[in-house]
Amino acid sequence: MLAELRQKSQITIPKEIIMKLGLSEGDTLDIFEKDGSICIMPVAVYPQKYLNDLRREINDVKAKIVSGEQPVFDSVDELFEKLEGH
């Protein structure tokens, strides 16, 4: 598909691509150059507090795994067996 570069460096992304990727008005796109090509990638933007809380939670779980406090399962089936009390 071809798109024309217009005033103010604007282009229109074809509707087929918008629909296929499930994009909508207001979505954030990362635009970058790689090896002479222009790349456009949809991204999710999260508040910094959310990312910090998630990072803290992941670090807590990692520490519990190391200490043996957090059980580790070799499969999902093993996890469900434990949860169901088998």
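A few notes on this one:
- Here is the figure for the stretch 13-56: residues that are touching a strand residue (DSSP E or B) at 6+ places or on another chain (Cβ under 8 Å) and assigned to a loop (DSSP other than H, G, I, E, B) total 5.
- Selection count, the stretch 65-86, where residues are under 27 Å from the mean Cα position of the chain (by Cα), of a type outside the set (Gly, Ala, Ser) and not in a helix (DSSP H, G or I): 5
- Count - residues of the stretch 42-63 that are of a type in the set (Lys, Arg) and modelled with pLDDT under 95: 1
- If the condition is being of a type in the set (D, E, K, R) and more than 19 Å from residue 44 (Cβ to Cβ), then the stretch 6-21 contributes 6, 8, 15, 16.
- Here residue 73 clears all of (1) loosely packed, with under 11 Cβ neighbours inside 10 Å; (2) over 30 Å from residue 3 (Cα atoms); (3) among the hydrophobic types (A, V, I, L, M, F, W, C) except the condition numbered (1).
The values are calculated or read from the model by the stated rules, or taken from the named source; none is laboratory data. Owing to the predicted nature of the structure, the values given are computational and were not obtained by experimental measurement. Every residue, glycine among them, receives a Cβ derived from its backbone with ideal geometry; neighbour counts consider all protein chains shown.
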